[in-house]
Amino acid sequence: MRPSIGRLVHVGNVLIDVVMEVPALPRPGGDVLAGSSRITPGGGYNVMVASARQGLEVAYGGSHGTGLFGDLARARLAEAGISVLQEPTADVDTGFDVAFVDGTGERTFVTATGAEAALTYEQLAGIRLRADDAVYVSGYGLAYPANRDALTRWLRTLPRSTVVIVDPGPLVAEIPADVLGPVLDRADWWSCNLDEAIATTGHADPEQAAVALARRTGRSGVVVRIGPAGCVLAMPGAEVLRVPTFDVRAVDSNGAGDAHVGVFVAGLAEGLSPTRAALRANAAAAIAVTRRGPATAPTRADVDRLLDGA
């Protein structure tokens, strides 16, 4: 019997994205005018919004700062109906990144970390988890030394009945093996893209990578996202499945992975089978790539319309 999920508690990082679209990056010492710009929450915010738009209750258990960016992050979380479980960290603001998007769509990032990268065990231990909470862990958090130590220590204290979802992110190769190993052991669901699966297992074939990860986690299962081809679903003792996606005209893939994992968790919370939850996640990602920007996860009604028309 699959554990019931009533709320998603995200213990990753919310920071602020300062996004500037430029024709090309300036040469050293040069300058260039941005065609457009925007300032918006990013990081874990995108996953939480994806789940919340499907109707799942969501709470942010990560750290956030005191200042302009911390205020903006909390305001946007509140607008999305996401509760905040920690008090603001005094004397330090939430971090930010500057994302340059050039004329080819290539993205170049520079990040300044803040309170979100200084999560403590005491903060995590203060979270009053409910029996039906699922915990979401991001690889970005595991890449920061302070967060890494706090998260790995805290994960060891969670009841085995608490569902843990891990998305290792693009920094997975930089996470020390002695950190990644225990997190793999504890993960109920491991969701990653193919590049991340290759970095973790060495297998270029998505099915082989998913099977290797499923053997390594040994709990509920693994989702390997393979872009326009959908995703691969592997569960211990079950046949590996390739779940198809939907034919759309993609304009921006940024945030599609976040939409996928957020909607997948919401599907599990609804009581759907992993296969059906993965199909809904594929639909959500397909819709997300037709929209510009990172927090482009669709609503529940959007996903239903695409599925009904398929």
For C231, distant residues with modelled amide H under 5 Å away: I226, V243
Top positive-direction residue, dipole computed over segment 148-280 with Cβ charges, set G262, P274, G230: P274
Phi to ³J(HN,Hα) by Karplus 6.51 cos²θ - 1.76 cosθ + 1.60 over segment 164-178, Hz, x for Gly, Pro: 10, 10, 10, 10, x, x, x, 8, 4, 5, 8, 7, x, 4, 6
Alpha-carbon centroid distance for the pair segment 157-207 / segment 237-310, whole angstrom: 20 Å
Loop-located trypsin sites (Lys or Arg not before Pro) in segment 206-309 whose Cβ has at most 12 other Cβ within 10 Å (DSSP): R249
Calculated P(r) tail over 21 Å for segment 151-221, as whole % of Cα pairs: 19 percent
Furthest towards positive pole of dipole, A197, A177, Q208, structure part segment 152-265, Cβ charges: A177
Pair V179, L25: separation of 7 Å Cα→Cβ label points (nm): 2.5 nm
Fraction of antiparallel bridges per DSSP, the chain only, in percent to nearest 5: 40 percent
Full-stretch length increase - E239, A301 - with 0.36 nm per residue and alpha-carbon distance subtracted: 19.2 nm
Karplus-derived 3J(HN,Hα), 6.51/-1.76/1.60, for each residue of segment 150-155, Hz, glycine and proline x: 5, 5, 5, 5, 5, 4
Residue-normalised accessible area of the chain, expressed per residue, 1.4 Å probe, Å²: 44 Å²
Computed [θ] at 222 nm, helices only, for the chain once each DSSP H run of length n ≥ 4 contributes -39500 (n - 2.57): -10500 deg cm²/dmol
Nonlocal amide H pairs with G42, under 5 Å, H built at 1.01 Å: L15, I16, D17
Kirkwood Rh in Å, taken over segment 233-280 so that all alpha-carbon pairs contribute: 12.0 Å
Computed lengthening from V32 to D149, 0.36 nm per intervening residue step minus Cα-Cα distance: 38.1 nm
Three principal axis lengths of segment 185-225 [C-alpha, angstrom, descending]: 23, 15, 14
Dipole moment magnitude, nearest 20 debye, the chain about Cα centre, only Lys, Arg, Asp, Glu C-beta charged: 740 debye
Per-residue HN-Hα couplings for segment 209-222 [Karplus 6.51, -1.76, 1.60; θ = phi - 60°; Hz; x = Gly/Pro]: 5, 5, 5, 4, 5, 5, 5, 6, 7, x, 10, 8, x, 9
Distance between modelled label sites at E270 and R160, nm, 7 Å Cα→Cβ extension: 3.1 nm
Relative contact order (%) - criterion: Cα under 8 Å, at least six apart; region: the chain: 16 percent
Percent accessible area from carbon and sulfur atoms, segment 44-190, protein chains only, probe 1.4 Å: 54 percent
Probe 1.4 Å - accessible area at Y45, Å² to nearest ten: 20 Å²
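The values are calculated or read from the model by the stated rules, or taken from the named source; none is laboratory data. Predicted model only: the values in this text are computed from it and were never measured. Here the Cβ is made from the backbone with ideal geometry for all residues, glycine too, and neighbour counts use every protein chain on show. The area values use the complete protein model at the heavy-atom level, side chains included, leaving out ligands, DNA and RNA. Shrake-Rupley method; radii C 1.70, N 1.55, O 1.52, S 1.80 Å.
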